[in-house]
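Worksheet: the structure to be examined is printed underneath.
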Amino acid sequence: MNHVYLGAVAFGVTLLLASLVMGGKDTGHGGGGHAHDGGDFGLGWVPVTSLRFWVFLFTFGGGAGLALGWLGSSAAVSAGGALAIGWASGAIAVTVIRSLTRHSVSSELRAADLVGATGTLMLPVGPGKPGKVRVDIKGRAEDFVANIVEDGGELASGAAVLIVAEGESGSLLVTKGEM
């Protein structure tokens with residue numbers, strides 16, 4: 001029986017190394033509903049579609065089976081312990097990673113996040129003539145395509161502008177601002 005446990009550890013470690021080298025993402029949904037869908041049915045303990053789950057199940061389950069066998073446990077106790085420890089470690093790993101992903105902070109910047117912010121024109125803007133605005137936000141400077149609001153006149157490079165809305169294709173609608 002030790003050969004089965006050793007094989008499980010080897011397979012789990014191989015999966016782990018392959019996912020690290022290939023940079024794969026764990027896209028499994030774990031067979032359960034999602035809280036953001038209103039479908040949280042408490043099935044987080046059945047994450048069998050997750051690669052991360054199988055890596056932990058094989059690696060820690062196989063390791064537990066080997067350890068229990070070397071400690072002199074019966075085949076049934078070793079098998080039960082290996083399955084319980086492997087399942088628990090896989091389910092815990094999937095739950096922890098999902099929780100971290102759900103509660104992580106993103107530094108992604110969208111045009112809609114900039115409404116109400118001020119920026120500086122890098123290229124002049126006018127009616128029918130897009131320009132470029134630089135906005136300092138979230139600790140970095142980002143450049144966006146800028147369009148003037150309909151009733152605005154032409155603004156030169158270096159002018160301070162107020163971002164009033166998101167335009168088409170991620171551009172920003174700006175008006176003369178005061179800094």
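The values are calculated or read from the model by the stated rules, or taken from the named source; none is laboratory data. Remember, it's a predicted structure, so these values are computed and weren't measured experimentally. No Cβ is skipped: glycine too gets one built from the backbone with ideal geometry, and neighbour counts run over all protein chains shown.
Every residue in segment 165-174 that is assigned to a strand (DSSP E or B) and buried (at least 17 other Cβ atoms within 10 Å of the Cβ), please.
Across segment 165-174, the qualifying residues are Glu166, Leu172, Leu173, Val174.
Looking at the structure I just gave you, is Ser99 modelled with pLDDT of 70 or more, under 17 Å from the mean Cα position of the chain (by Cα) and buried (at least 19 other Cβ atoms within 10 Å of the Cβ)?
It is false that Ser99 is modelled with pLDDT of 70 or more, under 17 Å from the mean Cα position of the chain (by Cα) and buried (at least 19 other Cβ atoms within 10 Å of the Cβ).
Restricting to segment 125-158, name every residue that is among the basic types (Lys, Arg), within 35 Å of the chain's Cα centre (by Cα) and surrounded by 11 or more Cβ atoms within 10 Å (Cβ to Cβ).
Lys132, Arg134, Lys138
Scan segment 105-123 and give yes if some residue there is buried (at least 19 other Cβ atoms within 10 Å of the Cβ), on the phi < 0 side of the Ramachandran plot and among the β-branched types (Val, Ile, Thr), otherwise no.
No; the residues of segment 105-123 include none that is buried (at least 19 other Cβ atoms within 10 Å of the Cβ), on the phi < 0 side of the Ramachandran plot and among the β-branched types (Val, Ile, Thr).
So which residues in segment 123-177 are touching a helix residue (DSSP H, G or I) at 6+ places or on another chain (Cβ under 8 Å) and under 15 Å from Asp113 (Cβ atoms)?
Val135, Ile137, Phe144, Ile163, Glu166, Gly167, Gly170, Ser171, Leu172
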